[in-house]
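Below is one structure, written out as structure tokens; comments come after it.
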Amino acid sequence: MNIEIKEQNGSYFGILTGWIDTAEATKFLEDMNPLMANADKSIELDCAQLEYICSLGLRGLLQLKQESAAKGGSLILTHVDGEVKKILRLTGFDRLFNIR
Amino acid sequence: MIEAPNFEYKYDLAYRKSFAARLSFRIMGIAAIVFLAAVALFFYFTGDSMTLPLTHQIVKYGTVVFIVGLTSLFVFCTWAIYQMARPLRQFAESAVSIAGGNLDTPLPKINSEDELLQLRNSFEYMQTSLKQHINDLQATTASKERLQSELTIAHDIQMGMLTTVFPERDDLDLFASMTPAKEVGGDLYDFIIEGDELFFIIGDVAGKGVPASLYMAVTRTLFRNLAGNYQSAANIMRQMNQAIASANESLVFVTAFIGVLDLRTHYLTYCNAAHNAPALITADGKCQLLDAETNLPLGIEDHYRYEEQQMPFPENTALLLYTDGLTEAMYISADGGRKLFGEERLLHDLEKNKQASAIEVIDYLKQHVNVFADGTMQGDDLTLLFLRHGASRKNDSTAPRRIIMKNEMTEVSRMRGFFLSVCREHDIDEETFKTLNLAIEEWVANVIGYAYPKGIRGHVELTAKVVDGVLTLVIKDHGTPFDPTQHAEVDVNAELSERQIGGLGIHLVKSIMDTMHYERTADGYNVLTLTKNIKD
């Protein structure tokens, strides 16, 4: 699991790669902190390289979405496919998130 | 052997043998010349009165007096010089005795303060400094001998560490060897078979000799402890790296290649920490270097994320792991020209030996390196490990497979390795594997996180079997009772602000699997049984 965060013109871009399993989730939540701190801005998460995400990882995404909604920012997930798309659908997250 | 000079220091008038005699003869010679000169002068001045009886008298008695005087002078001189030269003779004796090893030989007593005293002082100084040098030499020799014998013991210990009992199985032909350039080396290899998995490593500690051998021992022990059922190659590498990097005062690094070969499903997973890419003989007989992406060597950055690769490893595929002692074996010609063994020669050798057994391949390569070097000294440790995957054993594919995990969160990655092997055995595709793995992981992570009180060791056991296209998973733990079927359903249709953070895991298990059944046994186990039809 890896998350790479870039800032461009006040917008934030995150690239998620690999497996976010339960063992890795704590690190994932920590790595998300810079995004949580900027939840009032526009955030885009690229999931093209994301292979797997467990419920702890989903919680991290949910928290970020709730924070973003509360602070008037925006959160978009891009390139959601395969396994990750399936999991988002099973949990009803596909309706909560802005997915492109 | 040098012979000691044989001195006979007896009083001897023979001209060459006595210092005193030589001096006395010289004094007498001078006296005789003086006398003859005096006689000549006498006759020259008294030539006319030679006939006078007085003159005759003078000459006659003068001669007698002179001869008597000369004789007395000779005797006196000889005696006096003999006396003075006595210490010299004693010095000569002492020197012979000292040369014979008796450093405490007494020196003659000198009461005068002349050159003899200087000689005596010099002798004394020679005695003490000889003693000092001999003591130093003895100490150096002793410590060198001790070091040498310790190195010999270290060599034996190191060789004893390397596994030399090779598996005797139909589905695996494996052999390895390590030849250190000095008494001890920094190369290592090791392998363990756990269940249906072969874990193997080859490594090279930077540097040579004793410092490298200490790291070699550490690296090999870490591998032994970390390799185990369904542990992934990258995970083993990561943990080894953390252990080495966290206590690496002398900034030593280790290059290594770790492979995990699933003998049941013919899959190889591997992770390369800046080691030479192994050579591969494919099932259809092609010899090439393995595509092995390079990660950082072990010991440099403790949080480095090691990545692994995987590939099918069908019957008759073979792999040769080696250290740079092979490809960088050198030949130096008489005119100083240098030539390296190189990868091309290696692949050529493999091409010639593609049907040979592991022992034959390794013997051939070692011999070829020797012939190639042609007497040029071996500069680096040389380690080789060859393995060929033979025809798999016939497994009863309906027999259940099991993994027992500790209540530690890192165990979920081991579980993934186990379940991947199960899925491959039953031709379950990658996407389905991920989805099913999520369901199991959610439950197992729940058990690991909450079933046992904090700080209490516990286990969770996962059994998998596939019968008639139905995958049945049984997960068992000895923790506090928890019935997921009684758990309130998560409302997946709730609005964002009302979505609860918890409860997702159990929801995922239920939605992914076809059936879920919970039982609390009389002997205190939570047993969760999950099934899934995987026919389609």
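The values are calculated or read from the model by the stated rules, or taken from the named source; none is laboratory data. Only a predicted model underlies this, so the values are computations on that prediction, with no experimental measurement involved. Positions of Cβ are backbone-derived with ideal geometry, glycine not excepted, and every protein chain shown enters the neighbour counts.
Of the conditions (1) assigned by TED's automatic domain parsing to the domain that holds B:His266; (2) in a helix (DSSP H, G or I), B:Lys144 clears all except one; give me its number.
All conditions are met except number (1).
Can you tell me which residue within the range B:154-200, out of those that are aliphatic (A, V, I, L, M) and part of a loop (DSSP other than H, G, I, E, B), is farthest from B:Gln378 (Cα to Cα)?
At the first step, the residues of the range B:154-200 found to be aliphatic (A, V, I, L, M) are B:154, B:157, B:159, B:161-162, B:165, B:172, B:174, B:176, B:178, B:181, B:184, B:188, B:192-193, B:198.
Remaining after also requiring part of a loop (DSSP other than H, G, I, E, B): B:162, B:165, B:181, B:184.
On the way: B:Leu162: 20, B:Val165: 26, B:Ala181: 6, B:Val184: 13 Å.
Here the answer is B:Val165.
Given the structure, is A:Thr17 within 14 Å of another protein chain (Cβ to nearest Cβ), β-branched (Val, Ile, Thr) and under 29 Å from B:Asn493 (Cβ atoms)? Lay out the reasoning, then the answer.
Values: within 14 Å of another protein chain (Cβ to nearest Cβ): yes; β-branched (Val, Ile, Thr): yes; under 29 Å from B:Asn493 (Cβ atoms): no.
It is false that A:Thr17 is within 14 Å of another protein chain (Cβ to nearest Cβ), β-branched (Val, Ile, Thr) and under 29 Å from B:Asn493 (Cβ atoms).
Going through the range B:203-216 one residue at a time, which ones are surrounded by fewer than 18 Cβ atoms within 10 Å (Cβ to Cβ) and assigned to a helix (DSSP H, G or I)? Give the steps one after another, and end with the answer.
Let us first name the residues in the range B:203-216 that are surrounded by fewer than 18 Cβ atoms within 10 Å (Cβ to Cβ), namely B:206-207, B:209-211, B:214.
Across the range B:203-216, the qualifying residues are B:Gly209, B:Val210, B:Pro211, B:Leu214.
For residues in the range B:418-467 being charged (D, E, K, R) and part of a loop (DSSP other than H, G, I, E, B), which is nearest to B:Glu408 (Cα to Cα)? Show your work before the answer.
First, pick out the residues of the range B:418-467 that are charged (D, E, K, R): B:424-425, B:427, B:429-431, B:434, B:441-442, B:454, B:457, B:461, B:465.
Narrowing the set further to residues that are part of a loop (DSSP other than H, G, I, E, B) leaves B:427, B:429, B:454, B:457.
Values: B:Asp427: 30, B:Asp429: 28, B:Lys454: 11, B:Arg457: 9 Å.
Filtering first and then ranking leaves B:Arg457.
If you scan the range B:429-450, which residues turn out to be over 13 Å from B:Met415 (Cα atoms) and either without any contact (Cβ under 8 Å) to a residue 40 or more places away in the chain or over 46 Å from the mean Cα position of the chain (by Cα) (or both)? Talk me through it step by step, then tell me what you get.
Residues of the range B:429-450 that are over 13 Å from B:Met415 (Cα atoms), as a first pass: B:429-432, B:435, B:446-447, B:449-450.
Result: B:Asp429, B:Glu430, B:Glu431, B:Thr432, B:Thr435, B:Tyr450.
Give the number of residues within the range B:521-536 that are under 55 Å from the mean Cα position of the chain (by Cα) and closer than 20 Å to B:Asp477 by Cβ. Break it down into steps so the answer makes sense when it comes.
Step one: list which residues in the range B:521-536 are under 55 Å from the mean Cα position of the chain (by Cα), which gives B:521, B:523-535.
Keeping just the survivors that are closer than 20 Å to B:Asp477 by Cβ gives B:521, B:523-531.
Total meeting the criteria: 10.
Going by the structure shown, is A:Thr26 within 13 Å of the chain's Cα centre (by Cα), surrounded by fewer than 18 Cβ atoms within 10 Å (Cβ to Cβ) and not in a loop (DSSP other than H, G, I, E, B)?
Numbers: within 13 Å of the chain's Cα centre (by Cα): no; surrounded by fewer than 18 Cβ atoms within 10 Å (Cβ to Cβ): yes; not in a loop (DSSP other than H, G, I, E, B): yes.
For A:Thr26, the condition - within 13 Å of the chain's Cα centre (by Cα), surrounded by fewer than 18 Cβ atoms within 10 Å (Cβ to Cβ) and not in a loop (DSSP other than H, G, I, E, B) - is not met.
Among the listed residues B:His459, B:His389, which satisfies the condition of being buried (at least 22 other Cβ atoms within 10 Å of the Cβ) and more than 14 Å from every other protein chain (Cβ to nearest Cβ)? Please lay out each step first, then the result.
Working: B:His459 fails: buried (at least 22 other Cβ atoms within 10 Å of the Cβ).
The conditions single out B:His389.
Looking at the range B:255-271, is at least one residue over 13 Å from B:Gly203 (Cβ atoms), in contact (Cβ under 8 Å) with a residue 60 or more places away in the chain and of a type in the set (Phe, Trp, Tyr)?
For the range B:255-271, residues over 13 Å from B:Gly203 (Cβ atoms), in contact (Cβ under 8 Å) with a residue 60 or more places away in the chain and of a type in the set (Phe, Trp, Tyr): present.
Provide a single number: the residues in the range B:468-507 that are assigned to a loop (DSSP other than H, G, I, E, B) and either over 26 Å from B:Ala451 (Cβ atoms) or more than 50 Å from the chain's Cα centre (by Cα) (or both). Before you say what the answer is, go through the steps one by one.
Restricting attention to the range B:468-507, the residues satisfying the condition of being assigned to a loop (DSSP other than H, G, I, E, B) are B:468-469, B:478-483, B:487-495, B:499-503.
Applying the additional criterion that residues be either over 26 Å from B:Ala451 (Cβ atoms) or more than 50 Å from the chain's Cα centre (by Cα) (or both) yields B:468-469, B:480-483, B:487-495, B:499-503.
Qualifying residue count, the range B:468-507: 20.
What are the residues in the range B:482-501 that are surrounded by fewer than 11 Cβ atoms within 10 Å (Cβ to Cβ) and either over 29 Å from A:Asp94 (Cβ atoms) or within 14 Å of chain A (Cβ to nearest Cβ) (or both), if any? Outline the logic, then answer.
Just the residues of the range B:482-501 that are surrounded by fewer than 11 Cβ atoms within 10 Å (Cβ to Cβ), to begin with: B:485-486, B:488-489, B:493, B:495, B:497-498.
The answer is B:Glu489, B:Asn493, B:Glu495, B:Ser497, B:Glu498.
Which count do you get for residues in the range B:362-380 that are among the hydroxyl-bearing types (Ser, Thr, Tyr) and farther than 23 Å from B:Ala334 by Cβ?
Here is the first cut: in the range B:362-380, the residues among the hydroxyl-bearing types (Ser, Thr, Tyr) are B:364, B:376.
Narrowing further to those that are farther than 23 Å from B:Ala334 by Cβ: B:364.
Residues that pass the stated criteria total 1.
Of the residues B:Ile134, B:Ile81, which is of a type outside the set (Gly, Ala, Ser), surrounded by 12 or more Cβ atoms within 10 Å (Cβ to Cβ), outside the structural domain of B:Leu36 (by TED's automatic domain parsing) and part of a helix (DSSP H, G or I)? Steps first, please.
Values: B:Ile81 fails: outside the structural domain of B:Leu36 (by TED's automatic domain parsing).
After applying the criteria, what remains is B:Ile134.
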